[in-house]
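The block underneath contains the structure these notes are about, expressed in structure tokens.
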Amino acid sequence: MNTALERVRAKVASQKQALPALYGDVDFDITPERFTDDPKTSVAPRLAHAKLDPDKLALIKAYTLLGDVVADAYAALMPKYGFRPLIQMLTTACDQGIAAVPDAPPELAAFIADMERIPAWLDMDMVREGQKLDRNAAANLGPFAIRGAFIATFMNKYAALPMALTGTLSNDTAARRVNETATFFTTTLLPGSLERHGAGFKAAAMVRLMHSMVRFNALKRSNLWDVGVYGIPIPQVDQMPAGLIPIFLMSYKIVATGRTVFTPEERARVELARYRCFLLGLPEDLLADTPQGVVDTMNARSATLRAGFDDATCGELVRATLNAYLPPNERPENKLFDKVERGFAKVFFLKNFLNGDRAAARRMGVEIGPRDFMLFGLVALLVSSQLAAYRLARNVPGVADLTDRRLVARLKKQLARYGHAEFTSDAEQYRPAPGAKTAKAAT
């Protein structure tokens, strides 16, 4: 018997008893349509002949039906408190501690305690080193890559529906979500941000609550979510790619070279990503710590997510995101940046998600012309030179600290451009997603 798998299955089943108001009608013995045991029908048919660990596949299946027990319990208090008071209490608890919240509900105390828990593997010195290492890419590549990376979550109808329900089909809302995502990852790279009272710790708590609010609203208020088709909204396996994608890409390259362990610098980046995901509520089973383990976990998720692209949902999300104006205002320098960044994002999208098929992009309403390719090339050249220069400076005695301070200053400047992140999910802003089934959560 696989004890880890049995433990996860028990945790999944316990959601019904722990949160009957949210999960009481859900049958956790079902296999939702989104899960496939035939890689040929998945988003990664290339894995059809790969040797995939049956226990790992079963683990992914179980986590497809797992939300976030402690954060979900707190979000389920919305009918009693309202969503803004919940956010305010969480903000106070992050800034000042749970004792500073008058009559704090026990669900909030449990939420904060879960985030304060120190995993046995955590080495904060290594996490801080990972933050230093990742500041380079965040400062130089981040502003150009965030839109393209955000689109990755829209290329599958089963994973994209929560975003469609929350109203992200409009350009303005899409811009806010992109900037909020950029704000979160940038904030978690600032010095001290992942300490208990740091800004990154609080941002993780807010994102975690937002996800739970989406689950509550999708299941109980939208009347559009079909668990039998989509599983649990924003399950743990769908949060994993967003939090670990740089680590996945790095691990694939490492495994391809035949290496089996991370270098010290790679390990620092991995530990940063793992701890950030831990704060977001991801189970430690999904946070592998070896290159092969990371690859196997991602392959298991990809091989079991059924392929599906619904233009009314996925296509609209892609178009809304690519058409969104991200800068804070329309000053000339911001309008110029928008043109350059948007051109880069469209080619990034073409290369990474459409295998270079411009006809497929055109069918989705995304026109990509010669100017976009030119802008992509110019940005790639500029960013590559900046990344290399900062990597070299990092190894020069007396210059490394100065370089890091400069990167921190640039990240803070970027945060000002992204604007204040709300990290909220208001059910009144939800809208029917085109093509979405109108079945209730009970199946």
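Amide H to amide H under 5 Å from residue 42: which residues, 5+ apart in sequence or cross-chain, H placed 1.01 Å off N in plane?
307
Between residue 223 and residue 120, what FRET efficiency comes out of the Förster formula 1/(1 + (r/R0)^6) with R0 = 41 Å and r the beta carbon distance, rounded to 0.05?
Taking R0 as 41 Å, the efficiency between residue 120 and residue 223 is 0.45.
At 1.4 Å probe radius, can you tell me the per residue accessible area of the chain in Å²?
44 Å²
Could you name the lysines whose alpha carbon sits less than 24 Å from that of residue 413, not counting residues in the same chain fewer than 8 places away?
Within the straight-line cut-off, residue 413 pairs with 132, 202, 335, 339.
Given a 10 angstrom Cα cut-off, can you work out which residue in 306, 147, 46 is the most mobile in a GNM of the chain?
Highest fluctuation of the listed residues: 46.
Each residue of the range 147-154 in turn: what ³J(HN,Hα) in whole Hz from Karplus with 6.51, -1.76, 1.60 and θ = phi - 60°, glycine and Pro shown as x?
5, x, 5, 4, 5, 4, 7, 9
Work out, step by step, the length gained on full extension between residue 395 and residue 290: first 0.36 nm times the residue separation, then minus their alpha carbon distance; give nm to one decimal.
Working it through step by step, the gained length comes to 35.2 nm.
Anyone know which of 29, 289, 103 comes out most mobile in the 10 Å Cα GNM of the chain?
103
Considering only protein heavy atoms and a probe of 1.4 Å, how much of the accessible area of the range 1-77 is carbon and sulfur, as a whole percent?
Exposed carbon and sulfur together represent 54 percent of the surface.
Using only Cα atoms, figure out Rg for the range 330-372 and give it as a multiple of 2.2 N^0.38 Å.
With N residues counted in the range 330-372, Rg over 2.2 N^0.38 Å equals 1.27.
Enumerate the calculated ³J(HN,Hα) couplings along the range 330-346 in order (Karplus 6.51 cos²θ - 1.76 cosθ + 1.60, θ = phi - 60°), each rounded to whole Hz, writing x wherever the residue is Gly or Pro.
10, 5, x, 5, 6, 5, 5, 4, 4, 4, 5, 5, 5, x, 4, 4, 5
Let me make sure I get this right: for the range 92-248, a, b and c are the square roots of the gyration tensor eigenvalues over alpha carbons, sorted descending. Under 1.5 in a/c it's rounded, otherwise prolate if a/b > b/c, else oblate. Which is it?
oblate
Between residue 363 and residue 261, how high is the FRET efficiency from 1/(1 + (r/R0)^6) when r is the Cβ-Cβ distance and R₀ = 41 Å? Nearest 0.05.
0.40
Measuring from centroid to centroid over Cα atoms, what is the spacing of the range 326-399 and the range 222-267 in Å?
If you average the Cα positions of each part, the centres end up 24 Å apart.
From the square roots a ≥ b ≥ c of the eigenvalues of the alpha-carbon gyration tensor of the chain, which class results: rounded (a/c under 1.5), prolate (a/b over b/c), or oblate?
Note, shape of the chain comes out rounded.
Using Cα pairs closer than 8 Å and at least 6 residues apart in sequence, work out the relative contact order for the chain, in percent.
Here the relative contact order equals 29 percent.
With a ≥ b ≥ c taken as the square roots of the eigenvalues of the C-alpha gyration tensor of the range 73-169, please select rounded if a/c is under 1.5 and otherwise prolate if a/b is larger than b/c or oblate if it is not?
Here the range 73-169 falls in the oblate category.
Residue by residue through the range 196-211, what is 3J(HN,Hα) from phi via Karplus (6.51 cos²θ - 1.76 cosθ + 1.60, θ = phi - 60°)? Round to whole Hz and write x for glycine and proline.
3, 9, x, 5, x, 4, 5, 4, 5, 4, 5, 5, 4, 5, 4, 4
How would you rank 171-179, 362-370, 315-323, 158-166, highest first, on the average number of other Cβ atoms within 10 Å across their residues?
158-166, 315-323, 171-179, 362-370
Sorted from largest to smallest, which semi-axis lengths in Å does the alpha carbon gyration tensor of the range 61-102 give for its equivalent ellipsoid, taking the root of 5 times each eigenvalue?
Those come to 24, 13, 7 Å.
Among 17, 39, 4, whose Cα lies farthest out toward the positive end of the dipole of the range 1-41, if unit charges sit on the beta carbon of Lys, Arg (+1) and Asp, Glu (-1)?
4
The values are calculated or read from the model by the stated rules, or taken from the named source; none is laboratory data. All values derive from a computational prediction rather than experimental measurement. In this analysis, Cβ positions are derived from the backbone assuming ideal geometry, glycine residues included, and neighbour counts consider all displayed protein chains. Surface accessibility is based on the protein's heavy atoms, side chains included, excluding ligands, DNA and RNA. Shrake-Rupley method; radii C 1.70, N 1.55, O 1.52, S 1.80 Å.
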